[in-house]
Each structure stands twice: as C-alpha cells, then as structure tokens.
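The values are calculated or read from the model by the stated rules, or taken from the named source; none is laboratory data. Model, not experiment: these values are computed from the prediction. Accessible surface areas use protein heavy atoms only, side chains included; no ligands, DNA or RNA. Shrake-Rupley method; radii C 1.70, N 1.55, O 1.52, S 1.80 Å.
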Amino acid sequence: MAEEARRGQGPRRAAVREAVMLLLCLGVPSGRPYNVDTESALLYQGAPDTLFGYSVVLHSHGPTRWLVVGAPTAKWLTNTSVVNPGAIYRCQIGKNPNRTCEQLQLGSPGGEPCGKTCLEERDNQWLGVTLSRQPKENGSIVTCGHRWKNIFYMKNENKLPTGVCYGMPSDLRTELSKRIAPCYQGSINVHRGRTEINT
Ligand SMILES: *[C@@H]1O[C@H](CO)[C@@H](O)[C@H](O)[C@H]1NC(C)=O
Ligand SMILES: *[C@@H]1O[C@H](CO)[C@@H](O)[C@H](O)[C@H]1NC(C)=O
Ligand SMILES: *[C@@H]1O[C@H](CO)[C@@H](O)[C@H](O)[C@H]1NC(C)=O
C-alpha cells in the first residue's frame, strides 16, 4: 500500500519539479555576465583584524586619484589607548608602486567636547563602517562610526549609542574635517508649557 503510494508520487513530484523549473526560466530575470579584470587588478592591503576594505570609495581631487578605504576595527596611530576605534585610509592610485595606504586621523586624538550633556566614548566606535562621496568633481567625503557613544548619563542611565560622522573636503585635509552628530540631543528641560533644548 505504502509502496504503491510512493510509486504514485514519483511522476507527480517530477511534474511539479518541471513546472517549478519552467516558472524559474520564465519568471526570473536572467543574470547578465560581465568581466572582472583579475589580471591587472590593484591590490591594497591593510593590517589584519582591522576589517580593512569593509567600505570603499573611489575618489579624485584634481588629477590625483585615490582609493579611500574603511577599516572599522583599526587602531589609531596617534592614540593607541583608544580601543579599536576604526579609521579610514587613503591609497593613491598610480605613482604608488608599493601600494601603500595612509591612515587619516579624524577627530582629535586626545578627544574633544561634544556638548553640555555629552561625554564621548570612542572605543569600538566602528569609524569607517560607511563611506560616501559626493558624485561631483572634487566632491567631499563622509564617513561614519555607528557605535560611537555618549556616556554622560552612564552613572544613572545608559550609554547613548548615537553614532558619529565626519565630513572632509576632497583634498582629504583632515584638519578641515567636521564632526557631524545628527542624533545627539542636548538636555531637554520641560518648563511649564515651554521646552528648552540645551546643546
Ligand atoms: C578641483 O580641484 C583642483 C585641484 O585643487 C582644482 O584645480 C580644480 O579647479 C577643482 N575643480 C572644481 C570644480 O572645483
Ligand atoms: C617600496 O618598497 C621598497 C622595499 O621595501 C623600498 O626600497 C622603496 O623605497 C619603496 N618605494 C617607495 C616609492 O616608497
Ligand atoms: C588617548 O585617548 C584616551 C581616551 O579617550 C585619552 O584619555 C587620552 O588622553 C588620549 N591620549 C592622548 C595622548 O591623546
């Protein structure tokens, strides 16, 4: 009995399989092949355990071309006591036979004030997790660290993981970079019918 039932299912299962294949062929858009040049590829390498290459943008400033690379668990050369804060690197394309990359220091190595009710924690902030570039000539670059935290309220409450970003001009002069923290909100004092935000 069971044997018969199983034998009966065979052709039916095959028919279902054929129908599914047919639907896949008809309904799913087919992929288009393209070539990846593996022979003249430029290889840039970062230190191990830094997640070098997690984000990448091609960049140019005037005639100079760069590969800008994020390494969200890199250590800083300028302050090794910050725990794996993450960094971005610039790697020149052309006139760079050794394929070297240079770490860009975003933010002051010693730390900086971030607001009246703000104390920054840069450990494990994952700076360089995202990278983007304005798509115009000499476009500026923005990179973020989504795990940057405000620890001002840590004693009584929680750390506030609001994240931080840095924008920099296309010449990659980090001294002109600007900190952007759109999710930081200063203390909110609610008086009778009036809300005051101190940043
Ligand atoms: C881009 O930068 C280069 C080098 O500084 C400069 O010569 C050029 O005029 C700039 N182009 C624009 C559109 O700002
Ligand atoms: C490239 O590396 C070699 C060997 O380490 C070194 O001798 C040379 O000076 C480097 N070239 C540049 C342009 O840095
Ligand atoms: C490095 O960072 C730590 C933690 O933010 C800070 O306490 C220290 O002062 C900094 N050291 C230097 C040399 O900037």
Exercise. For 149, 155, 116, 75, what's the largest-to-smallest order of accessible area, 1.4 Å probe?
Worked result: 155, 116, 75, 149
Problem set entry | Solvent-accessible surface (1.4 angstrom probe) belonging to residue 89, in square angstrom, nearest 10 | 40
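Among 76, 66, what's the order by accessible area (1.4 angstrom probe), most exposed first?
Descending order: 66, 76.
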Exercise. Too long at a 21 Å Cα-Cα cut-off: which of 155/178; 136/178; 149/178; 116/155; 116/159; 75/95?
Worked result: 155/178; 75/95
Exercise. Largest first, what is the accessible-area ranking of 37, 171 with a 1.4 Å probe?
Worked result: 37, 171
